[in-house]
Amino acid sequence: MKLSGVSAMFPCYNDAATIGGLVDDVHTALAPLADALEVIVVNDGSTDDSRKVLDQLATTRPWLKVIHHERNRGYGGALITGFTAAQHEWIFYTDGDAQYDAREASLLVPLATDDVDVVQGYKIGRGDGLHRIIIGRIYHHVVKRLFGLTGRDTDCDFRLFRRKLVVNRPLVSTSGVICVELMRSFREQNARFVETPVHHYFRPSGKSQFFRIPAIARSARQLLELWWRLVVRG
């Protein structure tokens, strides 16, 4: 099975050590499965060597589109930029920190049939410490209840979906809660889902900012604001 076109997208924030491998891995995985393929990386104001690495990659990879944010706009801001830049019928995205194996994007394509709009991954285990696993599960169940979501793993950022879903209803969240907004938007558009397991690994470099107490408190506030806007006010 081949898709007419795929835009594979990565947000990148201080991922100089991993982004090059991901770019090549996703291209190798998807090129045989799509008539047209572009890879987009949004460098969200990184302070490491991400800009240098990406600009060098782009000189030898004509299918790579690099977009630089001069200042950090947040995870959601990076996704919105990438989704807006996408040109093809299908969008695949995952994170730039290599906790997911970009080569597994090839597993999603055979499931993207005519009667499917979203191929959603769910994590096989979780490559994090115990406290992160516990916080992640609490977050997952709270989000499902607050927003009426039904998926097995709403927090799994390994997705292939039809581009029209974000064209018809543009996203606005600039923080990490954009993933909840995305899933809620898909549900309200009656998108047809299929789910598939994907591997999740320990982060090979850098540190996540999400699991620090100030970040958790900030995310809780943003989540409640999103709930008020999407669910209460509609």
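The values are calculated or read from the model by the stated rules, or taken from the named source; none is laboratory data. The structure displayed is predicted, hence computed values, not measured ones. Counting neighbours? That spans all protein chains shown, and the Cβs are built from the backbone with ideal geometry, glycine included.
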Handout entry: Condition met for His69 (surrounded by fewer than 20 Cβ atoms within 10 Å (Cβ to Cβ), closer than 23 Å to Ile19 by Cβ and more than 14 Å from the chain's Cα centre (by Cα))
Key = yes
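Each row is one residue, and each column tells you yes or no for (1) within 26 Å of Asp44 (Cβ to Cβ); (2) touching a strand residue (DSSP E or B) at 6+ places or on another chain (Cβ under 8 Å); (3) modelled with pLDDT of 90 or more; (4) not in a helix (DSSP H, G or I).
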{"position": "Gly121", "(1), (2), (3), (4)": "yes, yes, yes, yes"}
{"position": "Ile138", "(1), (2), (3), (4)": "no, no, no, no"}
{"position": "Val143", "(1), (2), (3), (4)": "yes, no, no, no"}
{"position": "Leu171", "(1), (2), (3), (4)": "yes, no, yes, yes"}
Completion exercise
In the set Thr47, Thr28, the lone residue that is in a helix (DSSP H, G or I) and on the phi < 0 side of the Ramachandran plot is Thr28
Fill in the blank from the handout: Those residues of the stretch 157-188 which are of a type outside the set (A, V, I, L, M), farther than 21 Å from Val39 by Cα and buried (at least 16 other Cβ atoms within 10 Å of the Cβ) amount to Ser173, Thr174, Ser175, Gly176, Glu181, Arg184, Ser185, Phe186, Arg187
